1. Can you tell me which condition residue 103 does not meet? The list is (1) part of a strand (DSSP E or B); (2) surrounded by fewer than 17 Cβ atoms within 10 Å (Cβ to Cβ), and all the others hold.
2. Tell me which strands (runs of 3 or more DSSP E) are completely within region 1-58 and hold 2 or more residues being without any contact (Cβ under 8 Å) to a residue 24 or more places away in the chain and in the same structural domain as residue 235 (by TED's automatic domain parsing), or say none if there are none.
3. Might you check whether a residue that is at pLDDT 95 or above, farther than 26 Å from residue 234 by Cβ and touching a strand residue (DSSP E or B) at 6+ places or on another chain (Cβ under 8 Å) occurs anywhere in region 65-83?
4. Identify all residues within region 25-60 that are surrounded by fewer than 15 Cβ atoms within 10 Å (Cβ to Cβ) and of a type in the set (D, E, K, R); write none if there are none.
5. Output the residues belonging to region 31-64 that are farther than 19 Å from residue 2 by Cβ and modelled with pLDDT of 95 or more.
6. Kindly evaluate residue 126 against the criterion of being at pLDDT below 65 and surrounded by 13 or more Cβ atoms within 10 Å (Cβ to Cβ).
Amino acid sequence: SIKSRAVLSPDGKHYILNGGKIWISNGGIADIFTVFAQTPVKTESGETKERITAFIVERGFGGVTSGPPEKKMGIKASNTATVNFDDTPVPVENVLGQVGEGFKVCPLRPIRVHQQHIYFLHCAPRNRSRKELCKRQGRDKRLGPPNLREKLPDALVTTVSLPRGPQAMTYMLSGNMDRGFTEYHLEAASTKVTASECAWYVTDESIQIHGGMGFMRDTGLERVQRDLRIFRIFEGANDILRLFVALQGLSQVL
């Protein structure tokens with residue numbers, strides 16, 4: 001699916017990069033980019049085939065432009081923009097690894113590392129939801145019928161205890177990575193799915209307990225929910241990661 005292309009210049013000193021990338025975090029403000037692009041590579045048989053090469057590209061090389069910030073549903077403080085490369089000269093010294101072996105540089109490691117970080121990214125918004133829920137129980141003496149008053153303690157217990165699972169998974173994954181483990185794809189995928197859906201549940205439950213006030217912007221929960229929604233989509237959509245985890249499990253018995 002990579003359409004960006006880099007071709008060696010006639011003097012052999014630069015790769016001329018053309019293409020673009022969408023939805024790039026910090027795309028409008030970053031000065032240095034890691035870019036994967038198709039490059040023509042001669043195989044052992046003498047054929048020329050397109051292979052992926054990784055480059056370090058600096059905005060100062062020229063030909064690097066950014067689109068306006070995307071109008072996103074949430075995480076609006078994150079500058080997300082399209083980045084375009086038009087005849088951008090990239091010195092051959094800026095090739096990461098070997099030409100044509102871009103995926104060997106970092107096969108899926110950045111995604112796996114980001115999946116590991118998902119839990120920590122959830123902490124602030126999830127804790128905000130829990131804090132608002134606690135404030136709601138502590139100050140509101142007009143909680144309506146007894147069944148609602150009885151539900152609040154259960155909701156608090158759930159919002160406090162449920163995140164402990166993904167927290168433990170994250171610490172285990174981080175510990176394994178620190179010890180030099182290289183096979184942690186299953187753990188990373190499981191942690192990302194569990195953490196993102198846990199945070200969503202906690203926030204949704206808090207909104208529900210607030211009743212009509214939960215739907216008001218004044219509580220701040222509306223922003224939290226908008227910010228959290230992307231975590232079930234990026235760094236590996238949860239639907240795809242579920243399939244990956246399921247296939248890993250099936251491979252052990254088939």
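The values are calculated or read from the model by the stated rules, or taken from the named source; none is laboratory data. Since this is a predicted model, take the numbers as computed values, not measurements. Here Cβ is always computed from backbone atoms with ideal geometry, including for glycine, and neighbour counts include all displayed protein chains.
1. Among (1) part of a strand (DSSP E or B); (2) surrounded by fewer than 17 Cβ atoms within 10 Å (Cβ to Cβ), residue 103 violates only (1).
2. On the way: elements: 5-8, 14-25, 32-42, 48-58.
Because the criterion is at least 2 residues that are without any contact (Cβ under 8 Å) to a residue 24 or more places away in the chain and in the same structural domain as residue 235 (by TED's automatic domain parsing), no strands (runs of 3 or more DSSP E) in region 1-58 meet it.
3. Looking through region 65-83, none of the residues is at pLDDT 95 or above, farther than 26 Å from residue 234 by Cβ and touching a strand residue (DSSP E or B) at 6+ places or on another chain (Cβ under 8 Å).
4. 31, 42, 44, 47, 49, 50, listed by residue number.
5. Here is the first cut: in region 31-64, the ones farther than 19 Å from residue 2 by Cβ are 31-32, 42, 44-47, 58-62.
Once the filter is applied, which keeps residues that are farther than 19 Å from residue 2 by Cβ and modelled with pLDDT of 95 or more, region 31-64 yields 31, 32, 58, 59, 60, 61, 62.
6. On the way: at pLDDT below 65: yes; surrounded by 13 or more Cβ atoms within 10 Å (Cβ to Cβ): yes.
Taking the combined requirement at face value, the residue satisfies it.
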